1. Could you check how many residues of the stretch 20-45 are part of a helix (DSSP H, G or I), in contact with a helix residue (DSSP H, G or I) (Cβ under 7 Å, 6 or more places away or on another chain) and crowded, with 18+ Cβ neighbours inside 10 Å?
2. Scan the stretch 86-95 and give yes if some residue there is surrounded by 21 or more Cβ atoms within 10 Å (Cβ to Cβ), part of a strand (DSSP E or B), away from the ligand (no atom under 16 Å from the Cβ) and not hydroxyl-bearing (Ser, Thr, Tyr), otherwise no.
3. Among the residues of the stretch 22-77, what is the count of those that are among the acidic types (Asp, Glu) and out of contact with any Leu (no Cβ under 8 Å at 6 or more places or on another chain)?
4. For the stretch 61-80, check the following and say yes or no: at least one residue is within 12 Å of the chain's Cα centre (by Cα) and of a type in the set (Ser, Thr, Tyr).
5. Going through the stretch 84-93 one residue at a time, which ones are without any contact (Cβ under 8 Å) to a residue 40 or more places away in the chain and closer than 14 Å to LEU9 by Cα?
6. Go through (1) surrounded by fewer than 24 Cβ atoms within 10 Å (Cβ to Cβ); (2) within 13 Å of the ligand (Cβ to nearest atom) and name the single condition ILE71 misses.
7. Here are some conditions: (1) more than 17 Å from ASP128 (Cα to Cα); (2) over 11 Å from the mean Cα position of the chain (by Cα). MET36 meets all but one. Which one does it not meet?
8. Just one of (1) assigned to a loop (DSSP other than H, G, I, E, B); (2) modelled with pLDDT under 95 trips up LYS143, so point out which.
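The values are calculated or read from the model by the stated rules, or taken from the named source; none is laboratory data. On a predicted model such as this, the values are computed, not experimentally measured, just so you know. Every residue, glycine as well, gets a Cβ built from its backbone with ideal geometry; the counts of neighbours run over all protein chains shown.
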Amino acid sequence: MPKLVVVYLSTSGNTKAMADAIVEGAQSRNIEAKAMNFNEARIEELKYADAIAIGSSTFYYKMLPPMEKFIESLEKAKIKAKFGAAFGSYGWSGEAPVMIAEKMRKLGIEVIDPVLRIQYQPVEKDLDECKRLGKDIAVKLKKKDTSPGSEPKRKAAAVSVQEVRMGEGGH
Ligand SMILES: Cc1cc2nc3c(=O)[nH]c(=O)nc-3n(C[C@H](O)[C@H](O)[C@H](O)COP(=O)(O)O)c2cc1C
């Protein structure tokens with residue numbers, strides 16, 4: 001079964017709610033999917049994901065430095081995922097998901113365009129949009145999985161979900 005790993009940075013739970021909804025959407029299409037805080041994410045596990053979605057809220061017109069560092073660490077790990085998505089909650093400018101997508105593309109990952117941004121706390125219709133993104137990723141992954149010459153199935157990763165507390169910048 002193809003696997004989607006969703007990694008997020010969320011100071012007050014808004015982006016985490018998006019991540020969980022993306023996972024729910026993918027799982028509803030029979031894709032193995034897990035959400036994890038970037039602090040919990042182990043590179044060895046991410047290496048075997050078939051798709052990666054990365055989310056962060058925006059702070060001071062960009063993503064917070066720990067998330068930037070995390071994405072840079074993926075470069076060194078030579079991850080196999082060739083497909084993914086970027087997302088995040090924001091207040092007024094919402095640069096972080098766009099910056100994440102740029103960085104992912106530099107790693108050779110095809111990123112769904114446009115990125116998914118939700119203002120502040122996602123309401124039901126926003127979460128439906130996140131679920132839709134999860135479903136879209138699943139459809140794309142399944143196509144790849146059944147296409148001739150597709151790569152062998154990869155090892156599943158056991159991961160846990162935990163909300164990040166940044167200690168500052170939240171509200
Ligand atoms: C100190 C601070 C700085 C912020 N800077 C920005 C910003 O530059 N642009 C923006 O769109 N939102 C900004 N926000 C709003 C957050 O991105 C927004 O509250 C978001 O929903 C937080 O999501 P999270 O709970 O996933 O971290 C800022 C919020 C705080 C508290």
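1. Counting residues in the stretch 20-45 that are part of a helix (DSSP H, G or I), in contact with a helix residue (DSSP H, G or I) (Cβ under 7 Å, 6 or more places away or on another chain) and crowded, with 18+ Cβ neighbours inside 10 Å gives 5.
2. No, the stretch 86-95 contains no residue that is surrounded by 21 or more Cβ atoms within 10 Å (Cβ to Cβ), part of a strand (DSSP E or B), away from the ligand (no atom under 16 Å from the Cβ) and not hydroxyl-bearing (Ser, Thr, Tyr).
3. Of the residues in that region, 6 qualify.
4. For the stretch 61-80, residues within 12 Å of the chain's Cα centre (by Cα) and of a type in the set (Ser, Thr, Tyr): absent.
5. If the condition is that a residue be without any contact (Cβ under 8 Å) to a residue 40 or more places away in the chain and closer than 14 Å to LEU9 by Cα, then ALA86, TYR90 are the ones that fit.
6. Only one criterion is unmet by ILE71, namely (2).
7. With respect to (1) more than 17 Å from ASP128 (Cα to Cα); (2) over 11 Å from the mean Cα position of the chain (by Cα), MET36 is out only on (2).
8. It is condition (1) that LYS143 fails.
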